[in-house]
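Notes to accompany the following structure.
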Amino acid sequence: MNPDRKARFEFVMPALSGDPAVRDKFFEVLSDVRNRRREPWVAEGLAYLNHPLRRQQSEKYVRPALELLRQIQRTGDIFFPTNWMYATLGGHNSHSSADTVRGFLAEQKDYPIRLRRIILQSADELFRAEAMQGRSRLPSRS
């Protein structure tokens, strides 16, 4: 009955779609700052998009989400970059996702230290899960 809850549900519903094209479109929509006004909704939708049950299909969103992080910091609330990264990486535990994060950080030598730390914090569980699967390569602190 609550109109705000209905609006939130309508916003996040595409992230839950069984159709990969609808989920892709949802992620694409998030690249526009106007579609990120309600940051808690965005984080919720992003977490659904990267849910562990869809982790194989959603690995393709990890790199673009990392690439959007600078814009997220410039246009959002102080806590939004952290929420963005936790929602993105929270559902992943694969070697390829961990390698994507490591590769991104290795390529971005002049990346802002605050954002680098947010990525590393958010990826901690990903790296630990990967290590538990038998391949331990924690990222360097640089």
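Quantify, in whole percent, the carbon and sulfur part of the accessible surface of the chain (1.4 Å probe; protein heavy atoms only).
Details: 4370 of 8320 Å².
Ligands and nucleic acids excluded, carbon and sulfur give 53 percent.
Based on alpha-carbon centroids, what's the gap between segment 5-28 and segment 42-66 in Å, whole number please?
12 Å
If contacts are Cα pairs under 8 angstrom and at least 6 residues apart, what is the relative contact order of the chain in percent?
Values: 135 pairs, mean separation 28.8, N = 142.
Dividing the mean separation by the residue count of the chain yields 20 percent.
Note down the nm distance, to one decimal, between modelled labels 7 Å out along Cα→Cβ at Thr75 and at Glu10.
That separation, rounded to one decimal, is 2.1 nm.
When we measure straight from the Cα of Lys6, which lysines land under 22 angstrom away, once same-chain ones fewer than 8 places off are left out?
The qualifying lysines are Lys25.
Rounded to the nearest 0.05, what FRET efficiency do Lys25 and Glu59 have when you use their Cβ-Cβ distance and R0 = 25 Å?
Values: r = 18 Å, r/R0 = 0.70.
For R0 = 25 Å, the calculated efficiency reads 0.90.
Run the paramagnetic zone check for His51: 7 angstrom along Cα to Cβ, then residues of segment 1-18 with backbone nitrogen under 12 Å.
13-18
Consider the candidate values (i) 49, 31, 23; (ii) 57, 38, 24; (iii) 61, 48, 33; state which one is Cα extents along the principal axes in Å computed from the structure displayed.
After the calculation, the listed value that fits is (i).
Of all trypsin sites (Lys or Arg not before Pro) in segment 1-93, which ones are in loop regions per DSSP and have a Cβ with at most 13 other Cβ atoms within 10 Å? Can you show the working numbers first?
On the way: sites: Arg5, Lys6, Arg8, Arg23, Lys25, Arg34, Arg36, Arg37, Arg38, Arg54, Arg55, Lys60, Arg70, Arg74; in loops: Arg37, Arg38.
Here the sparse-neighbourhood loop sites are Arg37.
Within segment 47-113, which GluC sites (Glu not before Pro) sit in a loop by DSSP and count at most 16 neighbouring Cβ atoms inside 10 Å?
Values: sites: Glu59, Glu67, Glu107; in loops: none.
Sparse-neighbourhood loop GluC sites (Glu not before Pro): none present.
Which residue, chosen from His92, Val29, Thr82, occupies the Cα position most advanced towards the positive end of the dipole of the chain, where the dipole is computed from +1 (Lys, Arg) and -1 (Asp, Glu) charges on Cβ about the Cα centre?
Projecting each Cα onto the dipole axis, the largest value belongs to Thr82.
The values are calculated or read from the model by the stated rules, or taken from the named source; none is laboratory data. In this text the structure is predicted, and so the values were computed from the model without any measurement. With ideal geometry, Cβ positions are generated from the backbone for all residues, glycine too; neighbour counts draw on all protein chains shown. For accessibility, only protein heavy atoms count, side chains too; no ligands or nucleic acids. Shrake-Rupley method; radii C 1.70, N 1.55, O 1.52, S 1.80 Å.
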